[in-house]
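Student: Below is a structure I'd like to ask you about.
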Amino acid sequence: MEDSSSPHAQTTTTSLCAPRGFAVEINLVRFHRSMDQSSGSDFDYLFKLLLIGDSGVGKSSLLLSFTSDNAIDELSPTIGVDFKVKFVTMGGKKLKLAIWDTAGQERFRTLTSSYYRGAQGVIMVYDVTRRETFTNLSDVWAKEIEMHSTNQDCIKMLVGNKVDKEGDRVVTKKEGIEFAREYGCLFIECSAKTRVNVEQCFEELVLKILDTPSLTSEGSTAVKRNIFKQKPVSDSSTSACC
């Protein structure tokens, strides 16, 4: 799999801040136009991937580590939804990966729930140094997928992040493996900060999607037309974006 410096890999970045929910439709229209102009149709499949998990587990850092060569510093919590596109060549196919990074705070749940629609892959992230982020996988996030995902064949990847803080670990690798078996997920541990296993995380997920006929069928037809058309429910309780 090529990294972001490869001539066969390109990254496009757009943040979709959604204060109180009402501005997101305009932002999506503008984004859809910019994507049409910049990406063309020079790819075989378009796959939508979603990052979910508690606030502070490193979802944004994981995404940035995969799509950028820049150093990974402390990031502010995501407000609403962040979005990046990366073009890669894998399995002999040119792929356009549309990766959505959702806010982990409960007050944004109604805003981000619609983004599950049409996703071929969902990455559930927890922090190996914070037990509650692992517990919430079953208490919150697995239920969110079951409630909002529209794709029965959606591939799930469980990611234990921040293994660079091994001395602070409270969730064992064995626990992660057992959870993945119970919920039918792929599993990997990584460090967004040091980039250990970050590319492998996305590569294993995408290869599994490519190996699932119903998902490749979606990626080559309907999703190209509909992936950018989600309209989140308005949420008057959220604060404005900075």
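Student: Give the residues of region 106-133 that are at pLDDT 95 or above, of a type in the set (D, E, K, R) and in contact with a Ser or Thr (Cβ under 8 Å, 6 or more places away or on another chain), sorted by residue number.
Tutor: Hit for region 106-133 is Asp127, nothing else.
Student: Among the residues of region 141-196, which ones are part of a helix (DSSP H, G or I), out of contact with any strand residue (DSSP E or B) (no Cβ under 9 Å at 6 or more places or on another chain), farther than 16 Å from Leu49 by Cα and not charged (D, E, K, R)?
Tutor: Met147, Gly167
Student: From the list Leu186, Leu210, Leu205, pick out the single residue that is among the hydrophobic types (A, V, I, L, M, F, W, C), touching a Ser or Thr at 6+ places or on another chain (Cβ under 8 Å), closer than 21 Å to Leu95 by Cβ and at pLDDT 95 or above.
Tutor: Answer to the selection: Leu210.
Student: Please list, ordered by first then second residue, the pairs with beta carbon atoms under 6 Å, 6 or more apart or interchain, first in region 53-78 and among the polar types (S, T, N, Q), second modelled with pLDDT of 80 or more and assigned to a loop (DSSP other than H, G, I, E, B).
Tutor: Short answer, once both residue conditions are applied: Ser61/Ala192; Ser65/Ala192; Ser65/Arg195.
Student: Another one. Taking the stated definitions as given, is Asn136 surrounded by fewer than 21 Cβ atoms within 10 Å (Cβ to Cβ) and either at pLDDT 95 or above or touching a His at 6+ places or on another chain (Cβ under 8 Å) (or both)?
Tutor: It is true that Asn136 is surrounded by fewer than 21 Cβ atoms within 10 Å (Cβ to Cβ) and either at pLDDT 95 or above or touching a His at 6+ places or on another chain (Cβ under 8 Å) (or both).
Student: Hey, another quick one. Restricted to region 51-83, and to residues that are hydrophobic (A, V, I, L, M, F, W, C) and at pLDDT 75 or above, which residue is farthest from the chain's Cα centre (by Cα)?
Tutor: Val57
The values are calculated or read from the model by the stated rules, or taken from the named source; none is laboratory data. Nothing here was measured: the structure is a model prediction, and the numbers come from that model. Cβ atoms come from the backbone with ideal geometry, glycine included; neighbour counts cover every protein chain shown.
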